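Encoded as structure tokens, the structure appears first; notes follow it.
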Amino acid sequence: MIFESFPVGPFQCNCMILGCENTQTAIIVDPGEEAEQILSVLSQHGLKVVYILHSHAHLDHIGATKTVHEKTGGKTGLHEDDMFLCDHLSTQAELFGLPTPETPIIDQFLKNGDTLSFGNYSIEVLHTPGHTPGSLSFFIDTVGLITGDTLFAGSVGRTDLWEGSHPTLISSIKKNLLTFPDETIVYPGHGPKTTIGRERQNNPFLGNI
């Protein structure tokens, strides 16, 4: 497995590239900004993008999608419940005083239980709403969990933006993420990686879950 994770944009969103070393096919998760850097990493590994996936549609996770999609031809995926955020990127940008990114075309609505293949690997879609209604996490057996802005090292996603819900977020973490073994590595949408066991034991937002 080729696996690259690097922060992009002013919010330092972790953009992730997962590639099959045998077929040179790849998935991008959360191309939030800095399209040229993303394209450069793909070029370094000689990867052809088959899917561009999004944990949710806040602008820091989707800002470079249109450019990356046009340059690579990868099929874009998002949960349908976050389309209202995708369609109102200008409102999001105005809140933070940032330029409005171009609105991407979404090719496929992702739902819980979907499995997408790239070469010899596959990625499972988990619907983990709370941070946004359509927030998704992704599981790859050889890598671990990609949790977007649902679960962080020592924290959880904020729920004070458009249609966020803290009770829904905690329920998502309990039902869909903490069911994984303690040794499962977690790659959040921002900040350092962690493990399910570490968050189960030490995350102050999760109590005695």
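May I ask what percent, to the nearest 5, of DSSP beta bridges between residues of the chain are antiparallel?
65 percent
What is the sum of charges around Pro133, taking Lys and Arg as +1, Asp and Glu as -1, for the other residues whose C-beta is under 12 Å from the C-beta of Pro133?
-4
Mind scanning Lys66/Lys174; Lys71/Lys193; Lys111/Lys175; Lys111/Lys193 and naming the pairs with a C-alpha gap bigger than 27 Å?
The pairs that break the limit, which is 27 Å between Cα atoms, are Lys66/Lys174; Lys71/Lys193.
What nm distance separates the two modelled labels at Lys48 and Lys193, each placed 7 Å from Cα along Cα→Cβ?
2.8 nm
Using alpha carbons only, how many angstrom separate the centre of region 70-88 from the centre of region 140-178?
Using only Cα atoms, the two centres lie 20 Å from each other.
Scan the chain and note any complete DSSP helix (H) whose C-alpha atoms cover at least 27 Å along its axis and whose Kyte-Doolittle average is -1.0 or more.
none
FRET efficiency for Glu70 and Lys174, Cβ-Cβ distance as r, R0 = 30 Å, nearest 0.05?
So the FRET efficiency works out to roughly 0.15.
Given R₀ = 30 Å, what would the calculated FRET efficiency be for Phe109 paired with Gln24, taking r from the Cβ atoms and rounding to 0.05?
0.65
Just order 56-67, 81-92, 118-129, 175-186 by mean Cβ neighbour count inside 10 Å, highest at the front, would you?
Put in order of decreasing packing, that is 56-67, 118-129, 81-92, 175-186.
Could you give the length gained by full extension between Ser90 and Ser165, i.e. 0.36 nm per residue of separation minus their alpha carbon distance, to one decimal place?
24.8 nm
Can you give me the orientation-averaged projected area of the convex hull built on the Cα atoms of region 77-209, in nm²?
For region 77-209, the mean projected area of the Cα convex hull comes to 8.6 nm².
Mean residue ellipticity at 222 nm from the helices of the chain, using -39,500 (n - 2.57) per DSSP H segment of n ≥ 4 over the full residue count, to the nearest 500 deg cm²/dmol?
That calculation yields -6000 deg cm²/dmol at 222 nm.
No value in this document is a laboratory result; all are computed from the given coordinates. Keep in mind the model is a prediction, meaning the values are calculated, not measured. Quick reminder, even Gly has a Cβ in these numbers, built from the backbone with ideal geometry, and neighbours come from all protein chains shown.
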